[in-house]
Amino acid sequence: MGEQQQMQPDLSFVKGVMASGGETVKKCYQCATCSVVCPLSTNDSPFPRKEMLWTQWGLAGRVSGDVDVWLCHQCGDCTKHCPRDARPGDVLAAIRINAIRYYAKPKALADVFNSPGGVVGAVIAAAVLVLIVAAVWSQVTGNAFPFPLNHEGKVEYHEFLSVIPIDAMVLPIVAWIIYVSYNGVSRFWNDISKGAGLPESFTGTYPKPSIGLLLSKYLGPAVMEILSHSRFKKCGQTAERARGHLLLLWSFIILFAVTNYVFIAEDLFHAALGLISKVTPLPLYHPVKLAANVGGIMLIAGILMVKSMRTQKTEEGVLTSAAPDWVLIWLIFAVGATGIGAEVLRLINIAPIAYPVYVLHLATIIVLFLSLPYGKFGHLIYRTTAYVFQRWADDVKAGKAGFGLEKAVGASH
Amino acid sequence: MAKIGVYIYTGDGIAEAVDVEGLIKVATKAGAAVAKSHADLYSPEGVAMVKQDIEAEGLTAISLVGMSPRYEYKTFDFPGVYIDKTGIRELVAWSHRIDPNDEKADSKKEHVQELAEDYVRMAVTKLQKAQMPTPDKLEAPNTRILVIGGGVTGMTAALEVAEAGYEVTIVERTGELGGYGMQIRKQIPVGPDYSNLINPIAPTLIEKIKSNPRITVKTSTEIARIYGAPGKYRVSLKAAGTKSEWDAPVPLTPEEKLDANGKELSAEDQKKVYAAKNEGRNDYMVEDPNAELFGAVILAAGWKPAIPAEGEYPHLAWGNPNVLTNHQFEQLAKSGKLKRPSDGKEIKTVAFVQSPGGLNDDADFPYASAVTTMVSLKQAKYVREDYPEDGKAYVLYQHMRTPGQYEYFYKGLQDDPGIFLTKGAVTAVKENGKGGLTVTVEKTLLGDNIALDVDVVVLATGMLPATKDEAVVNLAYRQGPAFRDLDLFGGYCDSNFICFPYETRRTGIYAAGPVRRTMTIEESMEDAAGAALKAIQAVKAAEEGHAVHPRTWDFDYPDFYFQRCTQCKRCTEECPFGALDDDEKGTPKPNPTRCRRCGTCMGACPERIIGFKDYNIDVVGSMIKSIEVPDDDEEKLRMVIFACENDAYPALDMAAAKGLSWSPLPRIIPVRCLGSVNVAWIKDAMSSGMDGVLLLGCKFGDDYQCHFVKGSELADRRMANVAETIKSLGMEPERVKLVQIAIDEYDKVPGVIDAFVEEIVGMGPNPFKGF
């Protein structure tokens, strides 16, 4: 008798996947058509057949340790060709939502950020928070509240909330996001290392690349792949989805860059260090402002493309969309719409509408980023991690990545 | 003497292949009063021509020489006129095409013409010898139908019979109707939607039975004996579990006929042993004056759950109180919420084991099937019904068999999150020290060997047919109370022949439901309807005097010339359907309505006293003798082929239609069954100068294809004896040969014939040729 493994199928895991968009998982009868037609599956570790079986059997541990779940882009080729209508693409999407929840802390927040009601509630809560901070800040500055005007009698958001209260509010949230994300990603890394059969040390830990090696050898290529969407574009049934998504990704990068420019120039150099004079609001011809506006338009265009492709592909039946998908789409749309809206309303100077929209803009941004380790937005960190891990694990298995197995890289150190 | 008309069809290439005028001359010379040809013989004009001749010339027998007798059998129907057909289109024109550019075209044409002329001679000879069959009608047959078994199958059969307007009686051994259908919690669906379990339907059937005035129910009753034949069965009933003087006597087994030293006992001693064995029982030929009369019987005796013997399946921990058969689990489920037998704890996890063979054998349990697979799925659902929150059921299979619409059943149950399925070999079941069991499964779809902790293990054991261990029908027949060859069919009473569902080896007794093979309730009900129709057919056949399947058009019945019977008992022993009883001396006592007209008795009879009006020793013998045998031409050897008309002959037709050809030397005579080939015909052939005889019959053995069960096998045995005779005459025994041909082997049959002809050519002519 060979080595045997004690099985404890977790019924709640099966029910969880079935309840969050994977209700077809039990229909699979293991013909493996899905793994054959999948354009992204690899020969060494084909998917998604095994994920279907593991989920049917409630093997939560195996599924959570499976990096292949994150290499799936829900192309829908498997779903289209499945003879049993088991919709593997949808099931894997549901598994991913469950995995994000599994690594989230506290889990209750995952339920909040994956449901429309929860997100609306969170946006309202964040808006209330922003209003309270602004009200308190108005006592410090002596500016009017809630509709302050600058010395030219115009709408200026700086009069409402300057960088100090915003940073005071946002930086702790960012710290929290980083903490929860790091915690989730490192547990995820451990699980997928175990699942990939990497050598386990006697203390029960798994090899990790040094930060230097990670950045120099693995993160770069993974990021380049993500920036080009070369893998997403291999999708058969839904390759068109990659276009909107790529536009959206680049808009995030541009907006991230301009936000950082403002953070460094205004918050750091002007407000904190007093090195330069006030930079905001930037004039419209300013290159950063131009980039910001282009980024904003790209964001709205990208999210609308994503939405219409998702609707179209849902109608074609190659994928099904669950609540977390729509929640994320509408949240991003709300961020973009309130951003552009706040700018336009500021320029045409309608204070009673401009300030509420600005409050909503801040609130939706807070909620969007807060949902990173909890909601579907989490695919940003987990899929990126999976891309990096796949390259690293392949090298480890091939004896090319250190820990005594390593030759080429080790010699260079 | 018949006044004969011969009509030669000239279409479909016949006119091109042969000299039709020559054939007409041969027919006239052979004794036909009228001989004509027609280019479209089977058209209304052709029929009108024949009809006119019958009226004008007073023809009494017609031979249609053209298409194979397998076609156009309804076109010509003239009351009182005997119609016969010879297929020269297939056997001559299509199978012996000659290329006009062939150098030897002329000599080949001569061969083909001689072949066609012989077929015409044989056709005329047959009409001269054959008589018009006369139906042997049973006067006032009884049309009541007896149903044995009051389960779902029996009840459905009874309802079908009653709805068709016939009286029916159900005999049920237990005190209640319903059978196993009343012992289950839920059942597999009997129609769409197939995706979930349904409540048992047996109670509804019971209500219908009770309210149907044509149905009589006798519970706690068994069959003591069934005496008689279709249309006139006399059935002696008795209280279940009791002995009766009318219990059917059991003949001696071959072992019982031997003494302690293995020598056969004398007839006297055999009688003594037989009497001792059947003490207290009346002879099988004695009529019970109080018996009930029936026309036909439907056997729906059902099945018994298989329970493994003590000590069997040690690796599956059989004997542990928590290891149950599917039947035991069903009883548990029927009695209430699932509780573990060992300690009464709730059953939250169950492993269903389909195949006991571990890594060595992937077969399911004996007598298991698709039904047991589906029962496991059904019972898995019980666990989920009782414990929807955390109940888990593992179905561990080597084969997931859910045929036809039942695929929806599989799909429906697979959808349940708490039903886990994997293929795998269950290698061990052990106590886990926590009151439950650990099941080890190897080679699973999950890619590993796995161990599962469960409360209970359920073995998907099989369904034993009721006929496996007892006769049930208790026939008062010479050949014994049970069906023949039950061992061959694993105890299933069916003749297990795909072409003849419901047919048993006893005419008038039709089996339905799990006594025939494992079946679901739905399948059993469909089966019951089929058997009900067959039973009604049998009664009608008895009334009209024709055979039942497969020769339903046949009104003839074998005649016996009893004065010359030597009581050798070959016919009574060999009749595949037990149609012949016998008296004290061993003289056969025919039961026409049991007979299926295969002629096995005719083939068996060494005294040649059995025959049909149009198919007997003389008819076929004369046909053989009518073949012209050139005794001075070594090129023109002659062989006779007896081809079974059910398999070999259609194969020849198909070969001809496909344009395949074979040697023009042999002449083919269709026979009802190789079992009907009497050695006299072989002798006739050899003595009239034939150079060889080939018998083409069906496949025999375990997977036999014979319409009459053992015909070709019996012929094979008889030919072994013939070989001895031929050898004693100084001839090669290989001149007589039997080859098995399946109906679809049309591509092989020309090769078989040519190889035989070549063999005979190699031996040279029959040394007695010309004497």
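The values are calculated or read from the model by the stated rules, or taken from the named source; none is laboratory data. Predicted model only: the values in this text are computed from it and were never measured. Don't worry about glycine lacking a Cβ; one is built from the backbone with ideal geometry, like all the others, and counts go over all protein chains shown.
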Every residue from the range A:53-77 that is touching a helix residue (DSSP H, G or I) at 6+ places or on another chain (Cβ under 6 Å) and within 26 Å of residue B:394 (Cβ to Cβ) = A:54, A:55, A:56, A:58, A:60, A:62, A:63, A:64, A:65, A:66, A:69
So how many residues does the range A:212-256 have that are in contact with a Gly (Cβ under 9 Å, 6 or more places away or on another chain), not in a helix (DSSP H, G or I) and not hydroxyl-bearing (Ser, Thr, Tyr)?
-> 3
Within the range B:339-369, which residues are part of a loop (DSSP other than H, G, I, E, B) and of a type in the set (Lys, Arg)?
-> B:340, B:345, B:348
Among the residues listed as A:22, A:16, the single one being farther than 25 Å from residue A:225 by Cβ, touching a residue at least 24 places away in the same chain (Cβ under 8 Å) and more than 10 Å from chain B (Cβ to nearest Cβ) = A:22
Listing of strands (runs of 3 or more DSSP E) fully contained in the range B:396-492 that carry 3 or more residues being away from chain A (no Cβ under 14 Å) | B:456-459, B:463-465
Evaluate the following for residue B:309: is it in a loop (DSSP other than H, G, I, E, B) and surrounded by fewer than 20 Cβ atoms within 10 Å (Cβ to Cβ)?
-> yes
Pairs under 6 Å by beta carbon, first residue on the phi < 0 side of the Ramachandran plot in the range A:348-371, partner outside any helix (DSSP H, G or I) and crowded, with 23+ Cβ neighbours inside 10 Å, six or more apart or different chains?
-> A:351/A:155; A:354/A:155
How many residues are more than 23 Å from residue A:364 (Cβ to Cβ), hydroxyl-bearing (Ser, Thr, Tyr) and not in a loop (DSSP other than H, G, I, E, B) when one looks only at the range A:304-331?
-> 1
What single numbered condition from (1) modelled with pLDDT under 95; (2) more than 21 Å from residue A:374 (Cα to Cα) fails to hold for residue A:128?
-> (1)
Within the range B:84-114, can you find the residues that are surrounded by fewer than 20 Cβ atoms within 10 Å (Cβ to Cβ) and among the small types (Gly, Ala, Ser)?
-> B:105, B:107
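Take residue B:509 and decide whether it is surrounded by 19 or more Cβ atoms within 10 Å (Cβ to Cβ), modelled with pLDDT of 95 or more and away from chain A (no Cβ under 14 Å).
yes
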Please indicate, with yes or no, whether at least one residue in the range B:563-570 is among the hydrophobic types (A, V, I, L, M, F, W, C) and surrounded by 21 or more Cβ atoms within 10 Å (Cβ to Cβ).
-> no
With respect to residue A:30, determine if the residue is within 13 Å of chain B (Cβ to nearest Cβ), at positive phi, of a type outside the set (A, V, I, L, M) and part of a loop (DSSP other than H, G, I, E, B).
-> yes
Of the residues in the range B:493-506, how many are in contact with a strand residue (DSSP E or B) (Cβ under 8 Å, 6 or more places away or on another chain) and either buried (at least 24 other Cβ atoms within 10 Å of the Cβ) or not aromatic (Phe, Trp, Tyr) (or both)?
-> 6
For residue B:585: the one exception among (1) touching a strand residue (DSSP E or B) at 6+ places or on another chain (Cβ under 8 Å); (2) modelled with pLDDT under 95; (3) not aromatic (Phe, Trp, Tyr) = (1)
The correct count of residues that are of a type outside the set (Ser, Thr, Tyr) and closer than 19 Å to residue B:306 by Cα in the range B:443-463 is 7
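Out of A:301, A:334, A:271, report the one residue that is farther than 22 Å from residue A:72 by Cα, in a helix (DSSP H, G or I) and modelled with pLDDT under 95.
A:271
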Answer from A:329, A:340 - the residue that is surrounded by fewer than 20 Cβ atoms within 10 Å (Cβ to Cβ) and touching a Lys or Arg at 6+ places or on another chain (Cβ under 6 Å) | A:329
Go through the residues of the range B:648-657 one by one and say whether even a single one is closer than 30 Å to residue B:295 by Cα and in contact with a helix residue (DSSP H, G or I) (Cβ under 8 Å, 6 or more places away or on another chain).
-> no
Filter result for the condition that a residue is free of Cβ contacts under 8 Å to residues at least 40 places away in the same chain and within 23 Å of residue B:175 (Cα to Cα), over B:278, B:199, B:282 | B:199
Among (1) under 21 Å from residue B:189 (Cα atoms); (2) within 14 Å of chain A (Cβ to nearest Cβ); (3) in contact with a Lys or Arg (Cβ under 6 Å, 6 or more places away or on another chain), residue B:393 falls short only on (3)
Across (1) surrounded by fewer than 17 Cβ atoms within 10 Å (Cβ to Cβ); (2) assigned to a helix (DSSP H, G or I); (3) of a type outside the set (A, V, I, L, M, F, W, C), residue A:283 clears everything bar (2)
Assuming residue A:113 fulfils every condition listed in (1) in the same structural domain as residue A:62 (by TED's automatic domain parsing); (2) out of contact with any Lys or Arg (no Cβ under 8 Å at 6 or more places or on another chain); (3) among the hydrophobic types (A, V, I, L, M, F, W, C) apart from one, which condition is it?
-> (1)
Matching residues in the range B:575-610 (within 16 Å of residue B:484 (Cα to Cα) and either of a type in the set (Phe, Trp, Tyr) or touching a Leu at 6+ places or on another chain (Cβ under 6 Å) (or both)) number 1
Kindly indicate which of A:46, A:83, A:39 is in a loop (DSSP other than H, G, I, E, B), in contact (Cβ under 8 Å) with a residue 24 or more places away in the chain and within 14 Å of chain B (Cβ to nearest Cβ).
-> A:83
For residue B:700, are the conditions met, namely being among the hydrophobic types (A, V, I, L, M, F, W, C) and either touching a helix residue (DSSP H, G or I) at 6+ places or on another chain (Cβ under 8 Å) or over 28 Å from residue B:600 (Cβ atoms) (or both)?
-> yes
Please tell me if residue A:129 is surrounded by fewer than 23 Cβ atoms within 10 Å (Cβ to Cβ), closer than 14 Å to residue A:48 by Cβ and either free of Cβ contacts under 8 Å to residues at least 40 places away in the same chain or among the aliphatic types (A, V, I, L, M) (or both).
-> no
